[in-house]
1. Which members of the range 366-392 meet the condition of being over 18 Å from L141 (Cα atoms) and more than 15 Å from the ligand (Cβ to nearest atom)?
2. With the requirement that a residue be of a type outside the set (D, E, K, R) and closer than 17 Å to G240 by Cβ, what does the range 309-361 give you?
3. Kindly provide the set of residues from the range 208-222 that are of a type in the set (S, T, N, Q) and away from the ligand (no atom under 16 Å from the Cβ), ordered by number.
4. What number of residues within the range 148-163 are part of a loop (DSSP other than H, G, I, E, B) and either in contact with a helix residue (DSSP H, G or I) (Cβ under 7 Å, 6 or more places away or on another chain) or within 16 Å of the ligand (Cβ to nearest atom) (or both)?
5. State whether one or more residues within the range 124-147 are away from the ligand (no atom under 16 Å from the Cβ), in a helix (DSSP H, G or I) and crowded, with 24+ Cβ neighbours inside 10 Å.
6. Take the conditions surrounded by 15 or more Cβ atoms within 10 Å (Cβ to Cβ), part of a strand (DSSP E or B) and modelled with pLDDT of 95 or more and apply them to I356. Does it pass?
7. Here is a list of conditions, (1) more than 16 Å from the ligand (Cβ to nearest atom); (2) touching a Ser or Thr at 6+ places or on another chain (Cβ under 6 Å); (3) in contact (Cβ under 8 Å) with a residue 24 or more places away in the chain, and G67 meets all of them except one; can you say which number that is?
8. Restricting the search to the range 378-409, which residues are in a helix (DSSP H, G or I) and either surrounded by 20 or more Cβ atoms within 10 Å (Cβ to Cβ) or not charged (D, E, K, R) (or both)?
Amino acid sequence: MPESCHITNTEAYKETVFEASCHLLHQLLDELSDIGKSEDGGNTRVLYSSSWLLAQQHLQCFMQEKGLITSFDQSGNLYGLLEGTDDSALSQPIFTGSHIDTVISGGKFDGALGVVAGTVALMYLKEVYGQPARSLAAVSLSEEEGSRFPFAFWGSRSITGASDWSSVRNLKDAEGITLLQAAEMCGFGPDSPFPVRPFKPHGYVELHIEQGAVLERKGTSIGVVTDIVGQKRLDVTITGEANHAGTTPMAYRKDALIGTSEIILQIHQLALSYGDPLVATVGSLDVLPGAVNVVPGKVVFTLDIRHTDKSVMDRFTSEVRSLVTESATRNGLTAEWEEHLSVDPIPMDGEWEESIQDVCDKLDISYLRMPSGAGHDAQIFAEICKVAMIFVPSQNGVSHNPMEFTSKEEINLGFRVLVELLHQYGYRGKTDE
Ligand SMILES: [Zn+2]
């Protein structure tokens, strides 16, 4: 891209730079997807692995080449800063980005899109509009997925202070390596020369793939995320009596699997009666003793419940609990219930949501207000600053899979909305205090 000059104000020039930026975005996305390529064509960049480190270093070089001021923190989060003219806001930039880590054999777009789009958006803004009033920082968060260590959102949690080294250092991966050892192998950790948290974000905006099929099915370009759903995870144990499959007549059985089947169908029906956005999933069954010639004596199944409204989620959960107890008792079985996880729904910032919608209206881009059924770093940042999320469609709703795909045209629309939003909040002095 040419150096800034007087023609930067013309619409034609902006459009030329925008097109070049889109090209750069897809090129960087391709380059990242070559790092940590697995045999099936997917991407594997788990926290503090060699491919993870290579990706962060590649991004850092890219940011530096394009004039952003780069830095790392102790957790390995990478920042590319575009300094603003307002000194007081220097240490409180607006963050834009996502996570660089992936699941095992994940897709090319989950996380990487937000990191790359945020980075290139700052380059575009610098080229076209020069220095912003408020500092902007592209952030490549070290970890979100929880794919290597039994802990998710380490990158954003370390920035907000929700977690620190004392709570994660001894977590072990499948090979017995602790999170601290892995971090130190990459040059990070509490004894590294990097700061704990160099910036406190003023706000956080994340471009992400939807990871569902709603936008594609409705033929809509942009998802304006209203909430990140709350979630409950439970284990339910149904106990009957294991017995001989040949000598126990049907009428005398206490078959835990038959009872569980009825319960699962009832949960499904109840979820349907609640309607969107409630979702309830039985994703795993453990049938014991699990032999071909034994009537199942015990079944443990998982239950995942999500909704944007905590009171509805709680009411549904309590109805499911009554249903499970009633159904088990009627079939001569017993039920136990254990809740492992309960996360409240997180609303996005209302003013930022409206701004995204205004941008879409102005640019004549179709949009849909929608909740996110998946967790994202935005929900962690929401504890300390205003947050917004922009979704682009996922082909066939596929994600966490090498088949994950979003077209260049769809990405470019999301990128344009992100750029406009950052321009609005970074340059026009539009204060959102
Ligand atoms: Zn993600």
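The values are calculated or read from the model by the stated rules, or taken from the named source; none is laboratory data. Just so it is clear, the model here is predicted, and its values are computed rather than measured. A quick note on method: Cβ atoms are made from the backbone with ideal geometry, for glycine too, and the neighbour counts reach across all protein chains shown.
1. S366, Y367, L368, R369, M370, P371
2. Going residue by residue through the range 309-361, those that are of a type outside the set (D, E, K, R) are 311-313, 316-318, 320, 322-325, 327-329, 331-335, 337, 340-343, 345-348, 350, 352, 355-357, 359-360.
V324, T325, S327, A328, T329, N331, G332, L333, T334, A335, W337 - these are the residues of the range 309-361 that are of a type outside the set (D, E, K, R) and closer than 17 Å to G240 by Cβ.
3. Once the filter is applied, which keeps residues that are of a type in the set (S, T, N, Q) and away from the ligand (no atom under 16 Å from the Cβ), the range 208-222 yields T220, S221.
4. Residues in the range 148-163 being part of a loop (DSSP other than H, G, I, E, B) and either in contact with a helix residue (DSSP H, G or I) (Cβ under 7 Å, 6 or more places away or on another chain) or within 16 Å of the ligand (Cβ to nearest atom) (or both): 7 in total.
5. Looking through the range 124-147, at least one residue is away from the ligand (no atom under 16 Å from the Cβ), in a helix (DSSP H, G or I) and crowded, with 24+ Cβ neighbours inside 10 Å.
6. Details: surrounded by 15 or more Cβ atoms within 10 Å (Cβ to Cβ): yes; part of a strand (DSSP E or B): no; modelled with pLDDT of 95 or more: yes.
When the stated conditions are applied, I356 does not pass them.
7. With respect to (1) more than 16 Å from the ligand (Cβ to nearest atom); (2) touching a Ser or Thr at 6+ places or on another chain (Cβ under 6 Å); (3) in contact (Cβ under 8 Å) with a residue 24 or more places away in the chain, G67 is out only on (2).
8. Selection gives A378, Q379, I380, F381, Q395, N396, G397.
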